[in-house]
Amino acid sequence: MKNTTNPHQMDLTARVAFAKVYPAIARHITDKYNITQGHCLNAGSGPASLAIALAQITELNIVSLDKQCNMTDIARTNIAEAGLSGRITTVTSEVCHTPFDDNYFDLIVSRGSVFFWENQSDGLREMYRVLKPGGVIFCGGGMGSAAINREATKIIMTDDRFKDMRQFWQDRNCKRTEENNSSFKHALTEAGINGNILLECSGIWIEVIK
């Protein structure tokens, strides 16, 4: 990845400012693709927030993968607190080099991390390798809805626990959708993968159906 996120700050953000984000995205994914059983990979999972939200509304067996050991430790704690240790496994690994067999996962999801991958095309190529035929990749970034985005922004801009990330948040909100759209299209082309760029869930996403 292009940078290393502070694991404890990310966990706090997920628990407080983004508390409604992950359940909303999990519901969107299950409603859209109806994949509720089998194996799921949450790539660049951070504190496992999306993995937990998906496990709570499906019967998926989920792998929560992140490159940082400290983040994996936090994810493991969060998973245990949610009573989901039997359904979610943590793995420490780079997104571009995973330890999984070809054609293994029915669903691969990632929220927020794709923007920080050192090489987006390599990451997509690796995810495509481990995806089953007929499986779905849904990766990108979004806040679930415009209302949730506004609520999260208010928390970040007024709660002093998030004062160190305010400039990043403002810069992120100013980034043009066209820039991410161009980056995603380039990554898909470089990876040699057919996919779609979607503007939904108050964000931008790459969708690949193998």
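Could you grab the pairs with beta carbons closer than 7 Å, sequence gap of 6+ or different chains, first residue in segment 105-119 and without any contact (Cβ under 8 Å) to a residue 60 or more places away in the chain, second one surrounded by fewer than 22 Cβ atoms within 10 Å (Cβ to Cβ)?
Asn119/Cys96
Picking from Ile108, Ile79, Ile52, Ile74, which residue would you name as being part of a helix (DSSP H, G or I) and under 12 Å from the mean Cα position of the chain (by Cα)?
On the way: Ile108 fails: part of a helix (DSSP H, G or I); Ile79 fails: under 12 Å from the mean Cα position of the chain (by Cα); Ile74 fails: under 12 Å from the mean Cα position of the chain (by Cα).
One residue alone meets the criteria, Ile52.
So which residues in segment 55-71 are in a strand (DSSP E or B) and in contact with a strand residue (DSSP E or B) (Cβ under 6 Å, 6 or more places away or on another chain), if there are any at all?
Kept after step one, since they are in a strand (DSSP E or B), are these residues of segment 55-71: 61-66.
Result: Asn61, Ile62, Val63, Ser64, Leu65.
Would you be able to tell me the number of residues in segment 1-40 that are part of a helix (DSSP H, G or I), at pLDDT 95 or above and among the small types (Gly, Ala, Ser)?
The total comes to 2.
Could you look through segment 156-177, keep only residues that are part of a loop (DSSP other than H, G, I, E, B) and modelled with pLDDT under 75, and pick out the one that is surrounded by the most Cβ atoms within 10 Å (Cβ to Cβ)? If you could, list the steps in order and put the result at the bottom.
At the first step, the residues of segment 156-177 found to be part of a loop (DSSP other than H, G, I, E, B) are 159, 175-176.
Imposing the further condition that a residue be modelled with pLDDT under 75 reduces the set to 175-176.
Values: Lys175: 10, Arg176: 8.
Here the answer is Lys175.
Looking at segment 141-155, can you tell me whether even one residue there is in contact with a helix residue (DSSP H, G or I) (Cβ under 8 Å, 6 or more places away or on another chain), over 17 Å from Ile108 (Cα atoms), assigned to a helix (DSSP H, G or I) and not β-branched (Val, Ile, Thr)? Full working, then the answer.
Within segment 141-155, the first condition is being in contact with a helix residue (DSSP H, G or I) (Cβ under 8 Å, 6 or more places away or on another chain), and the residues that meet it are 141-145, 148, 152-153, 155.
Okay, now just the ones that are also over 17 Å from Ile108 (Cα atoms), so 143-145, 148, 152-153, 155.
Subsequent filtering for residues that are assigned to a helix (DSSP H, G or I) retains 148, 152-153, 155.
Within this subset, residues satisfying the condition of being not β-branched (Val, Ile, Thr) are 152.
Within segment 141-155, one or more residues are in contact with a helix residue (DSSP H, G or I) (Cβ under 8 Å, 6 or more places away or on another chain), over 17 Å from Ile108 (Cα atoms), assigned to a helix (DSSP H, G or I) and not β-branched (Val, Ile, Thr).
Can you give me the number of residues within segment 184-195 that are within 17 Å of the chain's Cα centre (by Cα) and loosely packed, with under 15 Cβ neighbours inside 10 Å?
0
Output yes when any residue across segment 120-134 is on the phi < 0 side of the Ramachandran plot, touching a Leu at 6+ places or on another chain (Cβ under 8 Å) and surrounded by fewer than 20 Cβ atoms within 10 Å (Cβ to Cβ), and no when none is. Break it down into steps so the answer makes sense when it comes.
Within segment 120-134, the first condition is being on the phi < 0 side of the Ramachandran plot, and the residues that meet it are 120-133.
Then drop every residue that is not touching a Leu at 6+ places or on another chain (Cβ under 8 Å), which leaves 121, 124, 127, 130.
If we keep only those that are surrounded by fewer than 20 Cβ atoms within 10 Å (Cβ to Cβ) as well, we get 121.
Yes: segment 120-134 contains one or more residues that are on the phi < 0 side of the Ramachandran plot, touching a Leu at 6+ places or on another chain (Cβ under 8 Å) and surrounded by fewer than 20 Cβ atoms within 10 Å (Cβ to Cβ).
Can you list residue pairs whose Cβ atoms sit under 6 Å apart, with the first residue in segment 132-145 being farther than 13 Å from His28 by Cα and the second being of a type in the set (S, T, N, Q)? Count only pairs 6 or more apart in sequence or on different chains.
Final answer for the pair search is Lys132/Asn103.
Taking segment 61-71, which residues are free of Cβ contacts under 8 Å to residues at least 60 places away in the same chain and crowded, with 22+ Cβ neighbours inside 10 Å?
Of segment 61-71, the ones free of Cβ contacts under 8 Å to residues at least 60 places away in the same chain are 61-66, 69.
Those that are free of Cβ contacts under 8 Å to residues at least 60 places away in the same chain and crowded, with 22+ Cβ neighbours inside 10 Å: Ile62, Val63, Ser64, Leu65, Asp66.
The values are calculated or read from the model by the stated rules, or taken from the named source; none is laboratory data. Note that the structure is a prediction, hence the values are computed from the model and not measured. Note that we place each Cβ from the backbone using ideal geometry, even for glycine, and neighbour counts take in every protein chain shown.
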